Amino acid sequence: MRKPLIAANWKMYKIPAEATAFIGAFLPLVASQEKTEIVLCPSMTSLAVSLEATKGTQVHIGAQTMDWHDNGAFTGETSPVMLNAIDVTHVLIGHSERRQYFNETDETVNHKLKAALAHKLVPIVCVGEHKADRESGRTNDVLKKQLTVGLQGIDPAAAAPLVIAYEPVWAIGTGLTATPQIAEDAHKFIRAQIAEILSPAIAASTRILYGGSVKPDNAASLCCLENIDGALVGGASLDPTSFAQIIANSSI
Ligand code: PEP
């Protein structure tokens, strides 16, 4: 019922020529992967070439962030209208690096989520606890707050495209991964929160991705549990073979 989604977050890597070369090598490796929604999120300067290189294929292109205004005096920002105009389909919202280095908060996540839904972009909203939160038993409190504020005022009737990425901050780029049980428990909790905040029907259809040091050799154990509907992959998505392998191993 929930189509698996695997997204690559290239962060601030790959100039346009590198993005094009990646896609040239990657497309033949995933040509038969029709069951999984595949999304590549390049940096802003590689969006155009990535869209061109994936035209007519099943691979979607997403942005790593966006502003929530349609336009205006917001130097350096990119709006949902601009993403729509070049056929970007997905957008990451509230990645922990955006929260840590660019002052994003649950409130800005909420503004961006509303804008993404209004402009028919598929929002991938990132949530997750820090190491200290987990060690002090506060994981569920943190997730609850991120979701309560992040999803505040969203009309359940318009929320169907919503995707959540559970990314424990201590597992991002560290080589540490959540155990399948830790991930499944967090995803189950997130789904229950969505049921409370939006509706049980939306909770049942919302895809919840796991992110945090997903690699080809741990993808199968992390991607295929009851409440886990795919992955958001950073480091291991930079290499076409490794990312294609993650997709193949997750679809078993
Ligand atoms: C990410 O950036 O969203 C991420 C999960 O990174 P990594 O896979 O490198 O931990």
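The values are calculated or read from the model by the stated rules, or taken from the named source; none is laboratory data. Since we're looking at a predicted model, the values are computed, not measured. No Cβ is skipped: glycine too gets one built from the backbone with ideal geometry, and neighbour counts run over all protein chains shown. For accessibility, only protein heavy atoms count, side chains too; no ligands or nucleic acids. Shrake-Rupley method; radii C 1.70, N 1.55, O 1.52, S 1.80 Å.
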Practice task
Could you tell me what % of all Cα pairs in the stretch 19-59 have separations over 11 Å?
Solution key: 64 percent
Fill in the blank from the handout: Working note, the stretch 188-252: Cα radius of gyration (Å, one decimal) and Dmax (Å, whole number) are 13.4, 40
Completion exercise
TM-like helix rule applied to the chain (DSSP H, alpha carbon span at least 24 Å on the long axis, mean Kyte-Doolittle at least -0.5) gives 180-197
Fill in the blank from the handout: In the stretch 4-118, taking the dipole from +1 charges on Lys and Arg beta carbons and -1 charges on Asp and Glu beta carbons about the Cα centre, the listed residue (ASN71, THR105, ALA31) farthest towards the positive end is ALA31
Completion exercise
Listed residues ASN103, ASN84, ASN218; largest mean-square fluctuation, Gaussian network over the chain with Cα springs below 10 Å, found at ASN103
Exercise for the section: Could you tell me, in Å, what Rg and Dmax come out for the Cα atoms of the stretch 5-250? Expected result: 16.8, 48
Practice task
Compute log10 of I(q)/I(0) for the stretch 130-177 with the Debye formula, placing one identical point scatterer on every Cα and leaving out solvent, at q = 0.14, 0.19 Å⁻¹, to two decimals.
Solution key: -0.46, -0.73
Practice task
Compare PHE26, PHE102, PHE74 by solvent-accessible area with a 1.4 Å probe and give them largest first, with all protein chains kept in place.
Solution key: PHE102, PHE74, PHE26
Problem - All-pairs Cα distance distribution in the stretch 135-252, expressed in whole percent, bin size 5 Å - result: 2, 12, 21, 23, 18, 13, 9, 3, 0
Exercise for the section: Please find, in a Gaussian network model of the chain (springs between Cα atoms separated by less than 10 Å), the residue of GLY150, GLY24, GLY234 whose mean-square fluctuation is greatest. Expected result: GLY24
Handout entry: Size of electric dipole in the chain: Cβ of Lys, Arg +1 and of Asp, Glu -1, about Cα centre, debye, nearest 20
Key = 180 debye
Fill in the blank from the handout: Going through LYS3/LYS215; LYS145/LYS215; LYS11/LYS55; LYS114/LYS215; LYS14/LYS215 one by one, the pairs whose alpha carbons sit over 25 Å apart turn out to be LYS145/LYS215; LYS114/LYS215
Handout entry: For the chain, built as a Gaussian network whose Cα springs stay under 10 Å, the top-fluctuating residue of ALA159, ALA183, ALA204
Key = ALA204
Problem - Heavy atoms of HIS111 accessible to a 1.4 Å probe, total area in Å² rounded to 10 - result: 80 Å²
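Counting only protein heavy atoms and using a 1.4 Å probe, what share of the accessible area of the stretch 5-250 belongs to carbon plus sulfur, as a whole percent?
Looking at the stretch 5-250 in its full context, I get 57 percent from C and S.
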Practice task
Please calculate the 1.4 Å probe accessible area of GLU34, with all protein chains present, and give it to the nearest 10 Å².
Solution key: 140 Å²
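When the convex hull of the C-alpha atoms of the stretch 28-121 is computed, what volume per residue in Å³ does it have?
117 Å³
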Completion exercise
Sites removed, the longest contiguous part of the chain containing no DSSP-loop trypsin sites (Lys or Arg not before Pro) with at most 12 other Cβ within 10 Å is 121-252
Practice task
Find the accessible area per residue for the stretch 5-250; the probe is 1.4 Å, ligands and nucleic acids are left out, and the unit is Å².
Solution key: 42 Å²
Fill in the blank from the handout: Residues whose built amide H sits under 5 Å from the amide H of ILE61, excluding neighbours closer than 5 in sequence, are LEU40, THR89, HIS90
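Please work out whether the stretch 36-182 counts as rounded, prolate or oblate from its C-alpha gyration tensor, where a ≥ b ≥ c are the square roots of the eigenvalues and a/c under 1.5 means rounded, while otherwise a/b larger than b/c means prolate and anything else oblate?
Values: a/c = 1.77, a/b = 1.44, b/c = 1.23.
Prolate.
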